[in-house]
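Only one structure is covered here, and it is reproduced in the block below.
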Amino acid sequence: MFTKKKIFASLLVAVLLISTLVGCSTDAANTGKPSDGKKDYKIVLVLPGPINDQGWNATAYEGLQLVERDLGVKMEYLESVQQADFEAVFTDYGEKGYDLVFAHGTQFYDAAIKVGPQYPNTFYMVINSEEGQAPNVGGIGVREWEGGYVAGALAAMYTETKQMGAIGSFPFPVIAGTLDAFEAAAQEYDSSIKVTKTYVNSWEDIQKGKETALAMAEAGSDIIFCSANQVGLGSIDAAKSKGVKAIGYISPQNEVAPDTVISSVTYNTPGLFKATVEQLIAGELKPEGKSLGWADDVLDMQWGEQATQEAKDYVNKVIERLKKGEIANPYKGGN
């Protein structure tokens, strides 16, 4: 039988055990760390458009899903943030103590370098920027001009009128360089090809993309290329209605209009997100900019049913030249 002393001792042990468990639970809640000891990172993806745009923003959402699936790290996202709100959004996440803010587009860079220094414990990573600024703003992106170059090489093989249209969002260097590369590759294949380049000053105006592409087709362009997020959907729709061809860009767009889109030049944007979060976990994030291209496997071809073997062979040779550094960026500045 238990004596009173033994009963008291047992109760004391139980109380101490409960106190210890409660203390651990409280500590986990106060530190923001789960009970397994791994840090519960606060990460958000800020997007200039919707995740269902079948283009630039959709690839970012795929990156979020890749991070959650492969690394077990949860991410939040905020869609369709307007440029006038960039600074306020960055400030809000800095105030809330987020570890990492992904800004999906080079247009976020100016706001990031302005707000970033005020929140040194929050790292701002601008996707598609090749710049960084100490102490906590970085950039990582795809060498878009390499994608534009391959798109131009492919388009050149299919034009019959020797006229093509290239649409860009804004005349930022990264976009202007992509359109210049498209033109340079087309003219390398056939110097008589003419490329009309137009900027629509929008990322999401699908109707403007359609109207611009319609005007190009009516003026004789029989291939349309677009680097302007959602605007590209409008340009493909216009090409379809006019019976001309289009080159898909950034995400696989072959199925948007299978009889219109010859093939798509795509970005492995999700891989950029995963690599950045891995660096965050390892404590290796640096305030610098870098860009990746075909040689880094962040660009790819999604061939459409219309693509001939001759076209594939020629384009693959161009890609190999880019991988070897045999083709220089044709962008010289300006529009």
**Request:** Provide the gained length on full extension for the span ALA88 to ASP190, in nm with one decimal, where the gain is 0.36 nm per separating residue minus the Cα-Cα distance.
**Result:** 31.9 nm
**Asked** In units of 2.2 N^0.38 Å, what is the alpha-carbon radius of gyration of segment 285-335?
**Response** 1.50
**Fill in**
From the Cα centre of segment 241-274 to that of segment 305-335, the distance in Å is 16 Å
**Prompt:** By count of other Cβ within 10 Å, fewest leading, how are ARG143, ARG69, ARG321 ordered?
**Reply:** ARG69, ARG321, ARG143
**Request:** Work out the charge dipole of segment 159-216 with +1 on the Cβ of Lys and Arg and -1 on the Cβ of Asp and Glu about the Cα centre, then indicate which of GLY168, PHE182, THR212 is farthest towards its positive end.
**Result:** THR212
**Prompt:** Packing-wise, with mean Cβ within 10 Å as the measure, how do 171-182, 82-93, 198-209 rank, highest first?
**Reply:** 171-182, 198-209, 82-93
**Message:** Rounded to the nearest 20 debye, what is the charge dipole size of the chain about its Cα centre when +1 sits on each Lys and Arg Cβ and -1 on each Asp and Glu Cβ?
**Reply:** 1200 debye
**For segment 164-264, alpha-carbon Rg relative to the globular expectation (2.2 N^0.38 Å, N residues)** = 0.95
**Message:** Against the 2.2 N^0.38 Å scaling, with N counting residues, where does segment 114-159 land? I'd like the Cα-based Rg ratio to two decimal places.
**Reply:** 1.79
**Fill in**
Here the equivalent ellipsoid of segment 193-335, derived from its Cα gyration tensor, has semi-axes (largest first, whole Å) of 29, 19, 16
**Fill in**
In vacuo Debye sum over C-alpha of the chain, base-10 log of normalised intensity I(q)/I(0) at q = 0.11, 0.12 Å⁻¹, listed in q order, is -0.71, -0.82
**Three principal axis lengths of segment 221-266 [C-alpha, angstrom, descending]** = 23, 17, 15
**Descending principal axes extents, segment 135-215, alpha-carbon based, whole Å** = 51, 29, 15
**Cα-based Rg and Dmax for segment 96-191, where Dmax is the largest Cα-Cα distance (Å)** = 17.7, 56
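Bear in mind that the values in this text are calculations on the coordinates, not laboratory data. Because the structure is predicted, anything quoted here is derived from the model rather than measured. So basically every Cβ, Gly included, is an ideal-geometry build from the backbone, and we count neighbours across all protein chains shown.
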